[in-house]
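As C-alpha cells, the structure follows; a few thoughts come after it.
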Amino acid sequence: MKLAVLAAAAGSAAAFAPVQQGRTSTAVQAFENELGVIAPTGFFDPLNLSKNISKEKFDEYRTAELKHGRVCMLAVLGYVAPETYRFGYDIAPGVSTYDIPNGVAAIDYIPALGWAQIIFFIGAVDYWGVLGDFDFGKPDLGDKEEERKLQELQHGRLAMLAILELLRHDSQNLVKPGFDGLDTLITGFPFLYN
C-alpha cells in the first residue's frame, strides 16, 4: 500500500515538471508546407520515410500515394457496386457474373484465365500507361486547383482505409459467417437486395 501511495505521489509530481521541447526533424521542416499536411496530424511520417530525401524523391512518394489512392477509390466502388448491380455477361465460358459471389469469396470462383487477364491489364496500364492522359473531361478548376488536389489526396487516403476495412470485414465473414449478425454488406437499404 505504501508503495502505491509513493508511486502516485511521484507520478503527480512529474506532472508539474517542465517538459523538454523536442527538436523538429529536418524532414518535417523540409516538407511541412507540402500539400496534404493538414490538422490535427500535421506532417505525418511515423516511419521516417522522408528523412534525408530529396524533393524529387518526396514528389515520387506523393505520386505513388495519389496512384494508390485512386486505385483504392476504384476498388471501394468495385467492391460495393456488385452488391447492387451485375452486368450479366460470361467472365469465362460457362461462368456468368451472376454466379460469382461478392468480395473476397470471388477469389475462388474466378478461373485462371480470368486472373491472367486481370494481371496483364493492370501490368499494362501501370507499365506502359495504356489508358493515357486524355484532355477530354478535365475540368477547368481555375483558382480551386490546389483545393481540389488536397481533396483528391484526402479522399484517396480515406479510400485506402476503407478498402482495408472492407477486406477485413469480408474475410472475417468468410471465416465465421454471420459474425456481425448481418446477411449483406450494405445495411439500411433492404430494397437493394430484392
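The values are calculated or read from the model by the stated rules, or taken from the named source; none is laboratory data. Note that the structure is a prediction, hence the values are computed from the model and not measured. Methodologically, a virtual Cβ is constructed for each residue, glycine included, from the backbone with ideal geometry; neighbour enumeration extends over all protein chains shown. All accessible areas refer to the heavy atoms of the entire protein, side chains included, with ligands and DNA or RNA removed. Shrake-Rupley method; radii C 1.70, N 1.55, O 1.52, S 1.80 Å.
Backbone geometry of region 63-68 corresponds, through the Karplus equation with coefficients 6.51, -1.76 and 1.60 at θ = phi - 60°, to 3J(HN,Hα) couplings of 4, 5, 5, 5, 5, 5 Hz, x marking Gly and Pro.
Heavy atoms of the protein chains alone define the surface here; on that basis region 47-194 has 76 Å² accessible area per residue at 1.4 Å probe size. Computed 3J(HN,Hα) for region 155-172, one whole-Hz value per residue from the Karplus formula 6.51 cos²θ - 1.76 cosθ + 1.60 where θ = phi - 60°, is 5, x, 5, 5, 5, 4, 5, 5, 5, 4, 5, 4, 5, 4, 5, 5, 5, 5, glycine and proline marked x.
Put a plus charge on the Cβ of each Lys and Arg, a minus charge on the Cβ of each Asp and Glu, and nothing anywhere else: the dipole of region 62-194 about its Cα centre is then about 180 debye.
Computed from backbone phi, the HN-Hα couplings of region 107-119 come to 4, 6, 8, 7, x, 4, 5, x, 5, 4, 5, 4, 5 Hz, rounded to whole numbers (Karplus: 6.51 cos²θ - 1.76 cosθ + 1.60, θ = phi - 60°; Gly and Pro given as x).
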